[in-house]
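A short write-up of the structure that comes next.
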Amino acid sequence: MLKTLNKKSDPTIFIIFGGTGDLTKRKIMPALYNLFLAGYLPVNFAIIGTSSSKMTDEKYSNELLDAVNEFSRNGKTKKEDWTKFASHIGFQDADITDPNAFKPFGKLIEKYKKEWKETPSIIYYCAVAPHFFCTIAENITKAKLENDLDTTRIIIEKPFGTDLGSAQELNKKLLSIFDEKQIYRIDHYLGKEVVQNIMAFRFANSIMEPLWNRNHVEHVQISVTEQIGIGSRGKYFEGAGILRDMIQNHLLQLLCIIAMEPPTNFNADEVRDRKVDVLKAMRKIETGKIESMSARGQYSSGWIEGKEVLGYREEENVDPDSNTETYAAMKLHIDNWRWQGVPFYLRTGKRLFKSASIITIQFKEIPHNIFVSEESGAPKQNRLVISIQPDMAIRFQLQSKVPGLEMNLNTVDVVFDYAGNTKSDSPEAYETLLLDAITGDQTLFMRADQVEVAWKLIMPILNYWEKNKAQNFPNYSADSWGPENAEALIAKDGYHWFNLPDKNKKE
Ligand code: BG6
């Protein structure tokens, strides 16, 4: 994660399974191209895309050019830059279920080794549907492709399993072929700029630590709301639901970064150990308490920014009677010294009023109020608001005197924002993660035990929701802030969800 520009990093061969897929076009290629532009790729590198289609290297690189022009944060490519980059791109068709179809990759690896006269790192990237992860790993072995402990890595996309059992199974299979230090399980939230900054903010400032505990924090909210609906992903989402899609991975990882103990160093395993400690300390969700500790929802039709949108059950490839949740909220507890008694509220959903990923840490009330003012009321509680997207900012909300002859109070924000840094200056999560995979840094990737303990935590809710169909679906309209039961979940503790409509507006 801490890296400096090093053009001398090891030569690298990327073999991208799912080379013509959506993820490759939207995320992986723009990320590799931007790393190339910024000088982070080694001098010798090769990108070999693969899929079942047949095409020439040139046709493939033209397809990627269109994708990069459309999806790169840097906008359209410059001809001479692209030409240089494209000279590193190749295509090899392969049926990924056939081990013999993997043999050409071995030949290509040999070819580059001879040409470069160096041992390259090999990165197998599984940008395919999850049921192919094991097949690819097995066929790499069957075709005797390079699998060196120090130089070969495999990147596995999410979802990693569909429940605890399948995740354990997948780990077992992968670990029978690769060592843990070769396996890079992606959770792209960990690569987001502000998410990485949380660690800097917590562990590079001495004033944070004394405040960061049950003595000062009243409660924490982790909220990832999305305006988009399911679109063309109905088939996948019907089998997933938002609990699997977002909470098991992204939201629990955010929680871990907020709640973890300070690591003793910035080593990948040390950081991941401290995160696993958090998950292990989470109070088990008892079946009898699921109704009172969680809420689920499914969106109906509505209007988003002047456009009429379908309800979830009307979306393509969705059962008209679907029980799949598109919204989930829950209250969690961490049973340790730091966080005993501090509730953590998580919520996420599709087709909500605004897209925003925000973590709010609400501090306790002042112990005694000396300011009695009818106009401003009691001082508001302090908050630390970590805005991950679309605004990228960390703001402390403090109380201050309103200028004037009377003692009236107002909330002011002490803000660190990335405004000077326009959005395009910040690397995309995939750039960070791919560079880490190239340099062999696993800090921001999920370890086997991390994934499993996260599944273990949510299994009771998953099972309960599957067995007990929601009687009131759909229960929130597109363009709302979610179902009423989610408001009730937090309201009964005397709080409400913080919805930040825009960066200048306070609640
Ligand atoms: C993905 C989920 O992991 O994350 C999607 O599968 C979700 O359903 C996406 O929309 C959100 O990511 P981001 O980076 O757009 O917040």
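Every number in this text was worked out from the coordinates using simple rules, so none of it is lab data. Quick caveat: nothing in here was measured; it's all calculated off a predicted structure. A quick note on method: Cβ atoms are made from the backbone with ideal geometry, for glycine too, and the neighbour counts reach across all protein chains shown.
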Taking a 24 Å limit on the Cα-Cα distance, which of the listed pairs LYS59/LYS79; LYS27/LYS113; LYS76/LYS103; LYS27/LYS307; LYS181/LYS275; LYS235/LYS280 fall beyond it? LYS27/LYS113; LYS76/LYS103; LYS27/LYS307; LYS235/LYS280
Could you compute how fast region 264-365 diffuses translationally, taking Rh as the Kirkwood radius over C-alpha pairs and applying Stokes-Einstein at 37 °C with viscosity 0.692 mPa s? Give it in µm² per second. 192 µm²/s
For GLU118 and ASP93 in the same chain, what is the full-extension length gain: residue separation times 0.36 nm, less their Cα-Cα distance, in nm? 6.4 nm
For the chain, with +1 on Lys and Arg beta carbons and -1 on Asp and Glu, the positive-most of ILE154, PHE498, VAL278 along the dipole: ILE154
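Given R₀ = 35 Å, what would the calculated FRET efficiency be for ASN205 paired with ALA491, taking r from the Cβ atoms and rounding to 0.05? Please list the in-between numbers first.
Values: r = 33 Å, r/R0 = 0.96.
According to the calculation, E is roughly 0.55.
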Answer check: the chain, Cα atoms, Kirkwood Rh, Rg/Rh ratio of 0.98
So, in Å, what gap is there between the alpha-carbon centers of region 333-397 and region 469-485? 24 Å
With each label point set 7 Å from Cα along the Cα-Cβ vector, what nm distance links ARG214 and ASP22? 4.4 nm
Taking the alpha-carbon distance from LYS492 and a cut-off under 14 Å, which aspartates and glutamates remain once sequence neighbours fewer than 8 residues away in the same chain are dropped? GLU291, GLU484
Once the Cα atoms of helix 193-203 and of the chain are each reduced to a long axis, what angle between those two axes, in degrees from 0 to 90 to the nearest 10, is obtained? 60 degrees
Rg and Dmax of region 256-296, using alpha carbons, in Å: what are they? 14.1, 40
Report the Cα-based extents of region 314-378 along its three principal axes, largest first, to the nearest Å. 60, 38, 19
So which aspartates and glutamates pass the test for LYS192, namely a Cα distance under 19 Å, with those fewer than 8 places away in the same chain ruled out? GLU157, GLU226, ASP245, ASP391, ASP417, ASP425, GLU428, GLU431, ASP436, ASP441
Amide proton proximity set for ILE304, modelled H, under 5 Å, gap of 5+: VAL309
Between THR287 and ASP66, what is the spin-label point distance in nm, taking each point 7 Å from the Cα along the Cα→C-beta axis? 5.2 nm
Ratio Rg/Rh, restricted to region 20-101 and using Cα atoms, in which Rh is the Kirkwood radius: 0.98
How charged is the neighbourhood of LYS284? Take every other residue with its Cβ under 13 Å from the Cβ of LYS284, and add Lys/Arg as +1 and Asp/Glu as -1. +2
Quick one: P(r) of region 267-319 from all Cα-Cα pairs, 10 Å bins, percents rounded to integers, in order of increasing distance. 18, 21, 21, 26, 15
